[in-house]
Amino acid sequence: MKIVIANGKHEADFIINMFKGQNKDLVVINSDKNFADYIVRSSKVPVFVGEPYKRFVLEDSGTRDADIFIALGEKDTDNYAACMLAKKEFNVKKCICTVTNPKNVDTFRKLGIDSIISSTYLLANSIKTASSLEDVIQTLSIEEDKIVLTEIIINPTYKIANQKIMDINFPKNATISCIYREPHVIIPNGSTIILPKDKLVVISTPVEQEKVVKFIQTTK
Amino acid sequence: MRNKVLIIGCGRLGANIAALASEKGQNVLVIDRNENAFDRLPESFAGYKINGDATDLSLLEEAYIRTAKEVVIATGDDNVNLFLAHVACVIFEVPSIYVRLDDPERGSLLNGLKIKAIYPFELSINKFNLMKGEDL
């Protein structure tokens, strides 16, 4: 697997060290000569010095046919131009673009960037989920918020505790994808009995999430 | 009805295009993030000046991009220009888009889109070759 890491400071450093030595083909591009020297010294990986939105830089660094291209630069529009060039002219399979302005998440997606990451956007979303649900529940959104994973711990007072899944008439558009029961992980079927202290991982649409949580937390 | 001319970037090129369009009686709006840039516009300029960052789509909406018949993009940053050209074309479907790019290489990312590019570098080279030919 070939991964290109374009620009960025400590985040680039972190990602490089995460993938280093994992049998992955890393291509590192950085426009800051001093930072490039630092990466070479500290991580012992070669760094190509240049601006990743220039054609000759992508050409000479060996970006062609990469599986993933990650743009971590400070300017959103520079990251955009680099991702577009990588995607359209260098046959890169997937582009990930970081942005500082959270409004650019939707814009960049509409213009064809595969994946856009904004820390403010993520923060806002986790505040939203945290404030809408009780703190015993953890949620995770995947596939651009079309699917949510919800983790709920079963309290003995809940109506569904000690019942078989087939008997509880679980809401539609949601499934219990797995049950974590110390120390095992159970992939449930209809005859699985839900026990107190089980951690249920439920997969659902965002619309159904609240309904599912209410259903599970109904007490006897 | 699409009847407005939107100029993004009030540098020498943007300001002059804006002045010309205003002189011809067009409904002109100029955006620049630096307020002093508007000093380049002549006294007679009758259009609107909007101070702000055009890469923020809500500002473009405030500048009536949805009713623009023509957008001229001439900021000093090629990547900003490229991005804005894509935004004007793909998101706001402006019928007529002109963009200035200093680096002719960047132009390949406009292929297949209804965007017209102006390359000052190529114009200078062409002019040079022309003058050189005349001198021979």
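The values are calculated or read from the model by the stated rules, or taken from the named source; none is laboratory data. Remember, it's a predicted structure, so these values are computed and weren't measured experimentally. For neighbour counting, all protein chains shown are included, and Cβ atoms are generated from backbone atoms with ideal geometry for every residue, glycine included.
Computed quantities for the displayed model
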item	result
Which listed residue is free of Cβ contacts under 8 Å to residues at least 60 places away in the same chain, of a type outside the set (Phe, Trp, Tyr), surrounded by fewer than 13 Cβ atoms within 10 Å (Cβ to Cβ) and part of a strand (DSSP E or B), from A:Val202, A:Val185	A:Val185
Elements of type strands (runs of 3 or more DSSP E) in the stretch A:21-127, at least 3 residues being among the aliphatic types (A, V, I, L, M)	A:25-30, A:68-71
Where a residue in the stretch A:73-102 is farther than 24 Å from A:Thr120 by Cβ and at pLDDT 95 or above and its partner, wherever it lies, is among the charged types (D, E, K, R) and crowded, with 22+ Cβ neighbours inside 10 Å, with Cβ under 9 Å and at least six apart	A:Leu85/B:Arg106
Count of residues meeting criterion [more than 12 Å from every other protein chain (Cβ to nearest Cβ) and among the basic types (Lys, Arg)] in the stretch A:65-120	2
Test: A:Ser31 is of a type in the set (Ser, Thr, Tyr), assigned by TED's automatic domain parsing to the domain that holds A:Leu111 and at pLDDT below 95	no
Residues satisfying the stated conditions in the stretch A:82-127, i.e. under 13 Å from the mean Cα position of the chain (by Cα), surrounded by 16 or more Cβ atoms within 10 Å (Cβ to Cβ) and more than 20 Å from A:Ala66 (Cα to Cα)	A:Ser118, A:Tyr121
Checking B:Ala21 against (1) in a strand (DSSP E or B); (2) out of contact with any Gly (no Cβ under 7 Å at 6 or more places or on another chain); (3) more than 14 Å from chain A (Cβ to nearest Cβ), the condition it does not meet	(1)
Test: residue in the stretch A:135-147 that is within 30 Å of B:Val90 (Cα to Cα), surrounded by fewer than 17 Cβ atoms within 10 Å (Cβ to Cβ), at pLDDT below 85 and among the hydroxyl-bearing types (Ser, Thr, Tyr)	no
Pick from the stretch B:41-56, criterion more than 14 Å from chain A (Cβ to nearest Cβ), part of a loop (DSSP other than H, G, I, E, B) and of a type outside the set (Gly, Ala, Ser), ranking: surrounded by the most Cβ atoms within 10 Å (Cβ to Cβ)	B:Leu41
